[in-house]
Amino acid sequence: MDPRQQDNSSSEQVTGEQAWTVYILLCRNGAFYIGSTGDLTRRMDEHFSGRGGHYTKCNPPVKLAYTEAYSKRLQAEARERQLKRWTRRKKQALIDGNLELLKEL
């Protein structure tokens, strides 16, 4: 499987002209990288080729672990900020689709 292909994603579908995506990458060092983009394919190509930014250049991604789609950029950016404040355990529960643990945390 291409590591740029997500393992899990939200079931939320967005229709319309512009879809924004919040994504979580699993990096080689075991950390999660969270970002948002209006063009997921382009952004994954950048991250996986070492052109995605300082963090993923130094800590290359292993796979795209999770995505959520939004119709508006501000919604995606707000969700990105929210996820970045979560604990690793809570992020993992989201990626795993473990709603019970997610509610607990």
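The values are calculated or read from the model by the stated rules, or taken from the named source; none is laboratory data. What you are looking at is a predicted structure, and each value in this text was computed from that prediction instead of being measured. All Cβ positions, even for glycine, are placed from backbone atoms using ideal geometry, and neighbour counts span all protein chains on display.
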| Glu77 passes all but one of (1) closer than 18 Å to Gly38 by Cβ; (2) touching a Phe, Trp or Tyr at 6+ places or on another chain (Cβ under 7 Å); (3) not hydrophobic (A, V, I, L, M, F, W, C); which number fails? | (2)
| query | modelled with pLDDT of 95 or more, surrounded by 13 or more Cβ atoms within 10 Å (Cβ to Cβ) and in contact with a Pro (Cβ under 8 Å, 6 or more places away or on another chain), is that true of Leu25? | reply | yes
| field | Qualifying residues in the range 65-83 (those that are part of a helix (DSSP H, G or I) and in contact (Cβ under 8 Å) with a residue 12 or more places away in the chain) - the one surrounded by the most Cβ atoms within 10 Å (Cβ to Cβ) | value | Ala76
| request: Go through the range 73-105 and give me each residue that's of a type in the set (Lys, Arg), within 11 Å of Val22 (Cα to Cα) and over 13 Å from the mean Cα position of the chain (by Cα). | output: Arg73
| Got a number for residues in the range 41-64 being small (Gly, Ala, Ser) and either out of contact with any Phe, Trp or Tyr (no Cβ under 9 Å at 6 or more places or on another chain) or in a helix (DSSP H, G or I) (or both)? | 2
| Under the condition of being among the hydroxyl-bearing types (Ser, Thr, Tyr) and either crowded, with 16+ Cβ neighbours inside 10 Å or touching a Lys or Arg at 6+ places or on another chain (Cβ under 9 Å) (or both), which residue from the range 28-54 is farthest from Lys91 (Cα to Cα)? | Thr41
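Look through the range 51-97, keep the residues that are of a type in the set (S, T, N, Q) and in contact with a helix residue (DSSP H, G or I) (Cβ under 8 Å, 6 or more places away or on another chain), and return whichever of them is nearest to Leu40 (Cα to Cα).
Narrowing the range 51-97 to residues of a type in the set (S, T, N, Q): 56, 59, 67, 71, 75, 82, 87, 92.
Going one step further and asking which of them are in contact with a helix residue (DSSP H, G or I) (Cβ under 8 Å, 6 or more places away or on another chain), we end up with 56, 67.
Working: Thr56: 15, Thr67: 9 Å.
By that ranking, first place goes to Thr67.
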| message | Please verify whether Thr87 is polar (S, T, N, Q), closer than 17 Å to Leu25 by Cβ and at pLDDT 95 or above, treating the condition exactly as stated. | response | no
